[in-house]
1. Just to confirm the number: angle between the C-alpha axis of helix 3-31 and the first principal axis of the chain, 0 to 90 degrees, nearest 10?
2. With everything on Cα atoms, drop me the angle between helix 121-141 and the longest principal axis of the chain, reported from 0 to 90° to the nearest 10.
3. Using only Cα atoms, find the angle between the long axis of helix 150-159 and the longest principal axis of the chain, and express it within 0 to 90 degrees, rounded to the nearest 10.
4. Could you work out the relative contact order of the chain, using alpha carbon pairs under 8 angstrom and six or more residues apart, expressed as a whole percent?
5. Need the C-alpha centroid separation for the range 113-192 versus the range 10-70, integer Å.
6. Summing +1 for each Lys or Arg and -1 for each Asp or Glu, what net charge is found among the other residues whose Cβ lies under 15 Å from the Cβ of ASN121?
7. Sum -39500 (n - 2.57) across every DSSP H segment of at least 4 residues in the chain, then divide by the residue count to get the 222 nm mean residue ellipticity, nearest 500.
8. At a temperature of 20 °C and a viscosity of 1.002 mPa s, determine how fast the chain diffuses translationally according to Stokes-Einstein, using the Kirkwood radius over alpha-carbon pairs as Rh; express D in µm²/s, rounded to the nearest whole number.
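Just so it is clear, none of the values below were taken in a lab; they were calculated from the coordinates. Since this is a predicted model, take the numbers as computed values, not measurements. Positions of Cβ are backbone-derived with ideal geometry, glycine not excepted, and every protein chain shown enters the neighbour counts.
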Amino acid sequence: MDAQPRETDGRHARADANRRRIAEAMLELVRRGDAAPSAEQVAEQAGVGRRTVFRLFQDMEGVYREMHSLMVQRLLPMFAAPFVATTWRGRLDEVIERRARMYEEMLPIKSASDAHRYRSNFLKREHRRLTRLQRETLLAVLPESVVKQGGKVEALDLTLSFEAWRRLRFEQDLPTRQAVGVLRGMVKALVD
């Protein structure tokens, strides 16, 4: 009687491991510049059969969820780290540095997922959640005197958005450090 649960647990463990390998393979392919890799490419990168991909993921929503889970695991320590600075301006500078590191990690994946967002309820929901979380973090750092200036908060929120970062890095082709410098200059102009 004990053999059945262990066998089932083993199958579940293998399925979970394959699901993770498939999501990691998809992330790697997207990082290399393929925004929509084929099932064959993903299977080959993951070292599994094409049928395994379809068996474990009935639709793209499942793949997006698994990829998202992996990205959250990578980014959460960066996002949740306590601030070192004791002043709001110092913390705001830490927000710029953290977002730059997170955005660099997210850049190819978030850009690819944004291309699919309008067809995916999961990606829409997660995009809204990320945007809200970033705004809440910004509001928590700013003093009340700045928060009361609604237009300033909106400008800061836009300045520190992923979309602004993507434009600096992709369209304006700035290196990472120069893009950080641009953000710092924009934030300084807004809060001074």
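1. Its long axis makes an angle of about 50 degrees.
2. Between the helix axis and the principal axis of the chain, the angle is about 30 degrees.
3. Tilt relative to the chain: about 50 degrees.
4. Numbers: 130 pairs, mean separation 34.7, N = 192.
Here the relative contact order equals 18 percent.
5. About 30 Å separates the Cα centre of the range 113-192 from the one of the range 10-70.
6. After counting each charged neighbour, the total is +3.
7. Values: 10 runs with 150 residues, N = 192.
Helices in the chain give a 222 nm mean residue ellipticity of -25500 deg cm²/dmol.
8. Working: Rh = 18.8 Å.
The diffusion coefficient I find is 114 µm²/s.
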